[in-house]
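K.L.:
Next up is a structure, given as structure tokens.
The values are calculated or read from the model by the stated rules, or taken from the named source; none is laboratory data. Every value quoted in this text rests on a predicted model; they were computed, and no experiment measured them. Cβ sites come from the backbone with ideal geometry, for glycine too, and all protein chains shown count toward neighbours. Please note that ligands, DNA and RNA were not included when accessible areas were found on the heavy atoms of the full protein model with its side chains. Shrake-Rupley method; radii C 1.70, N 1.55, O 1.52, S 1.80 Å.
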Amino acid sequence: MTRVLVVDDEPQILRALAINLRARGYEVTTAGDGAEALAAVGAQPPDVVVLDLGLPDMDGVAVIEGLRDWSKVPILVLSGRSDSADKVDALDAGADDYVTKPFGMDELLARLRAMVRRNAPDDPEESAVAFGDAVVDLAAKRVTVAGVEVRLTPTEWHLLEVLVRRPGRLLSQKQLLTEVWGPGYETAQGNLRLYMAQLRRKLEPDPARPRYFRNEPGMGYRFEP
């Protein structure tokens, strides 16, 4: 049974989420503030944390940073803030995804299922990722579209690999720039836009209307297989 820790200072939301998640077979524990959340993860590590950013004792981003010092538990952020910068800060701190309040229960459950799937133990036999007519062979570092090999530059390959290894996860621009280009490139959004356009042109059926490499304006990019 998947264990979920729900962290929110609003009792109504905690109760509603706990009822809905338990009804769908999840084991649920709750916390009303950041200190309680950190203690709960230490006492009984959950499979997923659902975390509100607006907590009474500490900012949700500080909770994420505290967890990331010693835990890789997937974190789904609940945000009632309209400023995308707060969500970007949460992603850069180590959150895996976010849902904006008010949210639909179906969306939240879909995000949870995706996070659980992404964090299941890897199958060493599965080294290829397929989407549309494209196949990305991670072990051989080879890409084909409709059976024809596609040549990628080293930077294009690195960017593609980072995205396809985290299907469904929203990666902030800063995360992608740091992982692909390295420290000092955190603000080089032009590089990222250029190389994303090149990947779409080579791998998307219709680069002008991308299906697999999705942009969330002001936030980052998501690979949706």
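K.L.:
Write down the accessible area per residue of region 128-170 in Å², having rolled a 1.4 Å probe over the full set of protein chains. All intermediate terms of the calculation are to be shown ahead of the outcome.
P.N.:
Details: 2160 Å² over 43 residues.
On a per-residue basis, 50 Å².
K.L.:
Among Ala188, Ala208, Ala85, determine the one that fluctuates most according to a GNM of the chain built with springs between C-alpha atoms less than 10 Å apart.
P.N.:
Sorting by GNM fluctuation, first place goes to Ala208.
K.L.:
Quick one: Cα centre-to-centre distance for region 40-63 and region 190-209, in angstrom?
P.N.:
So the two Cα centres are separated by 36 Å.
K.L.:
Please check: in the Gaussian network model of the chain (C-alpha springs, under 10 Å), which one of Pro56, Pro154, Pro167 has the largest mean-square fluctuation.
P.N.:
Of Pro56, Pro154, Pro167, the Gaussian network model singles out Pro154 as fluctuating most.
K.L.:
A follow-up question, please. Calculate how many DSSP beta bridges within region 76-218 are antiparallel, expressed in % of all such bridges and rounded to the nearest 5.
P.N.:
Details: 11 of 15 bridges.
So the antiparallel bridges amount to about 75 percent of the total.
K.L.:
A further question follows. At 4 °C and a viscosity of 1.567 mPa s, what translational diffusion coefficient does Stokes-Einstein give for region 1-123, taking Rh as the Kirkwood radius over Cα pairs? Give it in µm²/s as a whole number. Show your work: numbers first, answer last.
P.N.:
Numbers: Rh = 14.2 Å.
It diffuses with D of about 91 µm²/s by this estimate.
K.L.:
Against the globular-protein guess of 2.2 N^0.38 Å, express the Cα radius of gyration of region 57-179 as a ratio, rounded to two decimals.
P.N.:
On the way: Rg = 16.8 Å, N = 123, 2.2 N^0.38 = 13.7 Å.
Computed over Cα atoms of region 57-179, the ratio equals 1.22.
K.L.:
Same structure, new question: Any idea what the alpha-carbon Rg over 2.2 N^0.38 Å comes to for the chain?
P.N.:
Details: Rg = 18.5 Å, N = 225, 2.2 N^0.38 = 17.2 Å.
Compactness ratio reported: 1.08.
K.L.:
Could you tell me the relative contact order of the chain? Use alpha-carbon pairs under 8 Å, at least six residues apart, and round to a whole percent.
P.N.:
Values: 346 pairs, mean separation 29.3, N = 225.
It comes to 13 percent, rounded to a whole number.
K.L.:
Moving to a separate point now. So how strong a dipole does the chain carry about its Cα centre when Lys and Arg Cβ are +1 and Asp and Glu Cβ are -1, to the nearest 20 debye?
P.N.:
On the way: 28 positive and 35 negative charges, 171 e Å.
Computed about the Cα centre, the dipole is about 820 debye.
K.L.:
Order Glu149, Glu216 by their accessible area, 1.4 angstrom probe, all chains in place, largest first. Can you show the working numbers first?
P.N.:
On the way: Glu149 100, Glu216 45 Å².
From most accessible down to least: Glu149, Glu216.
K.L.:
Give me the percent of the accessible area of region 1-101 that comes from carbon and sulfur atoms, probe 1.4 Å, all protein chains in place. Could the numbers behind the result be given before it?
P.N.:
Numbers: 2150 of 4360 Å².
The computed percentage sits at 49.
K.L.:
Per residue, how much accessible surface does region 1-75 expose to a 1.4 Å probe? Answer in Å², no decimals.
P.N.:
Working: 3530 Å² over 75 residues.
Here the residues of region 1-75 average 47 Å² of exposed surface.
K.L.:
I would also like to ask the following. Hey, what's the Cα Rg ratio for region 148-207 versus the globular rule of thumb, 2.2 N^0.38 Å? Walk me through the numbers on the way to the answer.
P.N.:
On the way: Rg = 11.5 Å, N = 60, 2.2 N^0.38 = 10.4 Å.
My calculation over the Cα atoms of region 148-207 gives 1.11.
K.L.:
I've got another one for you. Going from most exposed to least, what order do Asp133, Asp8 have by accessible area with a 1.4 Å probe? Can you show the working numbers first?
P.N.:
Working: Asp133 110, Asp8 0 Å².
Largest accessible area first, the list is Asp133, Asp8.
K.L.:
Can you sort Trp157, Trp70 by 1.4 Å-probe accessible area, starting with the largest?
P.N.:
Per-residue accessible area, sorted high to low, gives Trp70, Trp157.
K.L.:
Tell me the mean residue ellipticity at 222 nm calculated for the chain from its helices only (DSSP H runs of n ≥ 4, each -39500 (n - 2.57), averaged over every residue, nearest 500). Each step should come with its number before you reach the end.
P.N.:
Values: 8 runs with 91 residues, N = 225.
After summing the helix terms and dividing by the residues of the chain, the value is -12500 deg cm²/dmol.
K.L.:
Also, quick follow-up: With no solvent and one point per C-alpha, what does the Debye sum give as log10 I(q)/I(0) for region 1-64 at q = 0.14, 0.23 Å⁻¹?
P.N.:
-0.35, -0.91
K.L.:
Please tell me the relative contact order of region 45-109 in percent, rounded to the nearest whole number, where contacts are Cα pairs under 8 Å and at least six residues apart. It would help to have the intermediate numbers written out before the result.
P.N.:
On the way: 83 pairs, mean separation 21.8, N = 65.
Relative contact order, region 45-109: 34 percent.
K.L.:
I want to verify the translational diffusion coefficient of region 174-225 in µm²/s; compute it with Stokes-Einstein, Rh as the Kirkwood radius over Cα pairs, at 37 °C and 0.692 mPa s.
P.N.:
Details: Rh = 11.5 Å.
Approximately 284 µm²/s, per Stokes-Einstein.
K.L.:
Among Ile64, Ile75, Ile13, which one shows the biggest mean-square fluctuation in a GNM of the chain, springs joining Cα atoms closer than 10 Å?
P.N.:
Comparing Ile64, Ile75, Ile13 in a Gaussian network model of the chain, the most mobile one is Ile13.
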